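Remarks on the structure that follows.
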Ligand code: KG4
Ligand code: ZN
């Protein structure tokens, strides 16, 4: 089973060809970071137009790299939700047109299901069920991945996603976009481990999370210092923020383990690229006799190989879509795309 997959939900266009759910023949990613950087964040219409510009040529290139023609492709998969609606529509419409023209099966994938599928794509020993911490620019979720197609939400952020908080804090520190890698880099230059100031610990029941109070406290501290003419040490501030947020995420994963007893853990999504988070979560897993899988960097950020991997599981469960498929800007991860 060879799947041609598309991902265009935000600011990366990606086209992949994956055989039998694990063999990556091509996984091309075109990042729009340089295009959006002057604006300090993703401009939705520019993102859609850039996806339009590159998607056809990237498909030709992916087929060539995989040494395939459309005759070798069994199914076309695409991220249909959630994401920027205009950006999603480009991928969905292109995928639908190809499936229609070449009479292929069409599979619509939830973006977060793709990030989860990246876990098994990178580590086939990650058997279901497992506990997943999915952290990206749009989501922060603790999940019980029961089977490839059944996911239960254990907890989620009540406000900002953790990646979004990294992006906003980087912006106020003048570190640029995307904020996650910028904060990580700045934090490495901090001269000591002492917090620059105290950040609040959100008080939420159960496994839910919140990052907007931390973000506001951070911004208030910057304003306070600016008004008083006090210096703002960007590396120390970045270090303080990163350490605090990572500790909260690791603590929540520990709570989720205490609640579920699931010993296999997955860290996925764009923020899973963060080294401190990888290290601290790995140490926490070791401490309680659990195993942690983290995809390599290329499979943490948005990519179409993970969409193909999720589509492979959906096809095995008989979930395909018709040519009336539409994109959706929002959709909970535990609901099926109809
Ligand atoms: O999964 P992803 O590529 O796109 C979404 O689905 O949102 O995640 C992008 C997010 C951005 O907020 C970015 O700042 C964050 O992941 N990110 C990081 C790092 N690399 C990317 N956050 C913290 N540390 C990093 N090294
Ligand atoms: Zn993502």
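The values are calculated or read from the model by the stated rules, or taken from the named source; none is laboratory data. What you see is a predicted model; the values in this text were computed from it and never measured. Every residue, glycine among them, receives a Cβ derived from its backbone with ideal geometry; neighbour counts consider all protein chains shown.
Worth pointing out:
- Looking across segment 275-316 at every residue that is outside any helix (DSSP H, G or I) and under 24 Å from residue 8 (Cβ atoms), the one that is farthest from ligand 1 (Cβ to nearest atom) is identified as 296.
- Condition check for residue 176: surrounded by fewer than 21 Cβ atoms within 10 Å (Cβ to Cβ), over 19 Å from residue 137 (Cβ atoms) and more than 19 Å from the chain's Cα centre (by Cα): no
- Residue 126 vs. criteria away from ligand 1 (no atom under 13 Å from the Cβ), touching a strand residue (DSSP E or B) at 6+ places or on another chain (Cβ under 6 Å), assigned to a loop (DSSP other than H, G, I, E, B) and within 27 Å of residue 8 (Cα to Cα): yes
- Matching option when the condition is in contact with a strand residue (DSSP E or B) (Cβ under 7 Å, 6 or more places away or on another chain) and surrounded by fewer than 22 Cβ atoms within 10 Å (Cβ to Cβ), among 112, 98, 4: 98
- Among the candidates 131, 121, the residue that is away from ligand 2 (no atom under 16 Å from the Cβ) and in contact with a helix residue (DSSP H, G or I) (Cβ under 6 Å, 6 or more places away or on another chain) is uniquely 131.
- Screening residue 18 with (1) touching a residue at least 40 places away in the same chain (Cβ under 8 Å); (2) away from ligand 1 (no atom under 16 Å from the Cβ); (3) not in a strand (DSSP E or B) gives one miss only, at (3).
- Matching residues, segment 273-289, being in contact (Cβ under 8 Å) with a residue 60 or more places away in the chain and either more than 15 Å from ligand 2 (Cβ to nearest atom) or in contact with a strand residue (DSSP E or B) (Cβ under 6 Å, 6 or more places away or on another chain) (or both): 275, 276, 277, 281
- Residue 182 modelled with pLDDT of 95 or more, within 16 Å of ligand 2 (Cβ to nearest atom), on the phi < 0 side of the Ramachandran plot and out of contact with any strand residue (DSSP E or B) (no Cβ under 8 Å at 6 or more places or on another chain): no
- Residues of segment 255-274 that turn out to be surrounded by fewer than 18 Cβ atoms within 10 Å (Cβ to Cβ) and within 14 Å of ligand 1 (Cβ to nearest atom), as a count: 0
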